[in-house]
Amino acid sequence: MIASVLPTYNRAPLAFVKGAGSWLEAADGRRFLDMGAGIAVNALGHSNPDLVATLTEQAGKLWHVSNLYQIPEQEALADKLVAESFADTVFFTNSGTEAAELAIKMARKYWYEKGQPERIEIITFEGAFHGRSTGAIAAAGSEKMVKGFGPLMPGFTHLKWGDHDALRAALTDKTAAVMIEPIQGEGGIRVVPDQCLKGLRDLCDETGALLIFDEVQCGVGRTGKLFAHEWAGVTPDIMMVAKGIGGGFPLGAVLATEEAASGMVAGSHGSTYGGNPLGCAVGGKVLDIVADPAFLDQVNARAGFMRQKLEALVAAHPATFEAVRGQGLMLGLKCTCAPADVVNAAYAQNLLTVPAADNVLRLLPALNISEADLAEAVARLDAAATQLEQG
């Protein structure tokens, strides 16, 4: 008999009732150290007092009016994002998947309005994850994502990750855009080298193709800069963000230049809930905190501390771990076994982690996690690895 909650997840037998900072309390009273942060969502930890106060204040005033009217909180957050990024304009969504859908539409509509409707092809890369809508799975193209869900949306060219020759050959007069994650999350914490992002920007400039960055997981301070692409010194034409921008409240956005967004006019896109006063009030507070250079300096300091600890962990457990991957506080441990085995062993140590492809264990803690909690997390990973190695 099917469960009342559609069984599309293999859920761990854990139910949490409250949280504070980087710690969660289960229904049975056990305390867990959270190194997943709701898959990079709780950027400022659980029950952050600043976010609680902001949400509570806004909830007492106004929740929802729809985008039929001006929304001051939405305009304020858009102004902040424009001021802190390459973008000239922002559309708010409720999720990264919705942001991906708009990014795809925006790129194709741009060329349609330019009188080149044949430019519909969007180049994406093996290992990508852009969401689970029909458009987003067509963009990713992996068998795991698309099997059984055909017919798929056409107009995507899938390339091997890191194949520069194939990329150059694939860029034609039919190419609308190239869409890429500066760091693949679900794909196994694979970082696109700075020189490759620069080369990609140059290729798009040469051919006119739009460049779309998916920073749903790697953006909003996760790498030690507000947006991951800043490390390479390049900018996209369109960018998707979500996860951390709401600090736990469902919120996403598409950021774009005026030129890239020029095809999106009144009636070309919409959202009933997107950009509501509640979400945008919280998002505004998140951005106030995370965009502060002093906060980002702290993220980088914590990231350096954590990476040093993880490198020592890998050296101590070569039978379980092969290498450390990632940037900032978006780190991965390449495992010699299935990462699910390490996840389960970590549960026994009251530690929460996240599996990914390519035998990688993801570590995505709150950006304001303490060094003491990071050290404790690595100590528990050490105990989990010892447990695995002893059988």
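The values are calculated or read from the model by the stated rules, or taken from the named source; none is laboratory data. Please read all numbers here as calculations on a predicted model, not as lab measurements. Glycine gets a Cβ as well: all are built from the backbone with ideal geometry, and neighbour counts include every protein chain shown.
Would you say residue 256 is touching a helix residue (DSSP H, G or I) at 6+ places or on another chain (Cβ under 9 Å) and outside the structural domain of residue 369 (by TED's automatic domain parsing)? The answer is yes for residue 256. Given the structure, is residue 220 over 26 Å from residue 112 (Cβ atoms), of a type in the set (A, V, I, L, M), out of contact with any Pro (no Cβ under 7 Å at 6 or more places or on another chain) and buried (at least 24 other Cβ atoms within 10 Å of the Cβ)? Considered against the rule, which asks whether it is over 26 Å from residue 112 (Cβ atoms), of a type in the set (A, V, I, L, M), out of contact with any Pro (no Cβ under 7 Å at 6 or more places or on another chain) and buried (at least 24 other Cβ atoms within 10 Å of the Cβ), residue 220 comes out as yes. Looking only at the stretch 173-206, which residues are among the hydrophobic types (A, V, I, L, M, F, W, C) and part of a helix (DSSP H, G or I)? 196, 197, 200, 203, 204, listed by residue number. The single condition among (1) in the same structural domain as residue 327 (by TED's automatic domain parsing); (2) over 24 Å from the mean Cα position of the chain (by Cα) that residue 58 does not meet is (1). Does residue 350 satisfy being more than 18 Å from residue 243 (Cβ to Cβ), in contact with a Ser or Thr (Cβ under 8 Å, 6 or more places away or on another chain), in contact (Cβ under 8 Å) with a residue 40 or more places away in the chain and not charged (D, E, K, R)? So residue 350 fails the test. Among the residues making up the stretch 12-44, those that are over 23 Å from residue 218 (Cα atoms), assigned to a loop (DSSP other than H, G, I, E, B) and not basic (Lys, Arg) are 12, 13, 14, 15, 27, 28, 29. Might you let me know whether the stretch 263-281 holds any residue that is of a type outside the set (Phe, Trp, Tyr), in contact with a Ser or Thr (Cβ under 7 Å, 6 or more places away or on another chain) and surrounded by fewer than 20 Cβ atoms within 10 Å (Cβ to Cβ)? So far as the stretch 263-281 goes, yes, one or more of its residues are of a type outside the set (Phe, Trp, Tyr), in contact with a Ser or Thr (Cβ under 7 Å, 6 or more places away or on another chain) and surrounded by fewer than 20 Cβ atoms within 10 Å (Cβ to Cβ).
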